[in-house]
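Notes to accompany the following structure.
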Amino acid sequence: MKNMQQMQQMMKQVKKMQEEMQKAQEGLKDRIVEGSAGGGAITVKIDGHKQIKDIVIKPEVVDPEDVEMLQDLVLTAVNDALRKADEMVGKEMGKFTGGMNIPGLF
């Protein structure tokens with residue numbers, strides 16, 4: 001009987017943690033990080049769900065003769081923003097996992 005009560009208590013705690021994690025994941029959509037390249041010539045804002053919210057390209061970096069450089073800068077800025085979003089999500093979800101990387105959890 002005591003083991004059954006302990007199991008029920010543990011299941012309640014797991015359910016509560018799952019609910020808290022769900023709320024935290026939902027809240028990440030409102031948290032924005034910014035990546036940049038070219039000393040701020042290109043900036044990209046992305047939310048915690050990895051949705052790009054804004055890309056700003058300063059006019060002086062637009063050179064019709066060097067489109068490849070512009071593409072590289074945009075790529076670098078997007079990857080920088082994605083890396084920062086991953087760090088933000090990992091930090092937020094790490095509160096629940098104790099820093100353990102649990103595949104498929106988030």
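The values are calculated or read from the model by the stated rules, or taken from the named source; none is laboratory data. Everything quoted here is computed from the prediction, not taken from an experiment. Quick reminder, even Gly has a Cβ in these numbers, built from the backbone with ideal geometry, and neighbours come from all protein chains shown. With ligands, DNA and RNA removed, areas are computed over all heavy atoms of the protein, side chains included. Shrake-Rupley method; radii C 1.70, N 1.55, O 1.52, S 1.80 Å.
How large, in percent, is the carbon and sulfur part of the accessible surface of the range 30-93 at a probe radius of 1.4 Å?
Details: 2010 of 3940 Å².
Carbon plus sulfur share of accessible area: 51 percent.
For the chain, the longest principal axis of the C-alpha atoms and the axis of helix 2-27 are separated by about 20°. Distance between the 7 Å Cα→Cβ label points at E20 and D72: 4.7 nm.
Extension gain, K95-N79: 0.36 nm per intervening residue step, less the Cα-Cα distance, totals 3.3 nm. A crude spin-label estimate for the pair Q8 and E65, with each label 7 Å from Cα along the Cβ direction, gives 7.9 nm. As a rough guide to protection, the peptides 20-32, 58-70 ranked by mean Cβ packing within 10 Å, highest first, stand as 20-32, 58-70. Note on T76: accessible area is roughly 80 Å² with a 1.4 Å probe, heavy atoms of protein only.
For the chain, with every protein chain kept in place, what is the accessible area per residue (1.4 Å probe, Å²)? Walk me through the numbers on the way to the answer.
Values: 7700 Å² over 106 residues.
In whole numbers, the chain has 73 Å² accessible per residue.
Name the aspartates and glutamates eligible as straight-distance cross-link partners of K12: C-alpha to C-alpha under 20 Å, and not fewer than 8 places from it in the same chain. Counting by Cα, and skipping residues close in sequence, K12 has these aspartates and glutamates nearby: E20.
Rounded to whole numbers, the Karplus 3J(HN,Hα) couplings from phi for the range 54-71 are 6, 10, 10, 10, 5, x, 5, 8, 7, 10, x, 7, 9, 5, 4, 4, 4, 4 Hz, using 6.51 cos²θ - 1.76 cosθ + 1.60 with θ = phi - 60°, and x at Gly and Pro. Quarter the surface of the alpha carbon convex hull of the range 30-93 and you get the mean projected area, 4.1 square nanometres.
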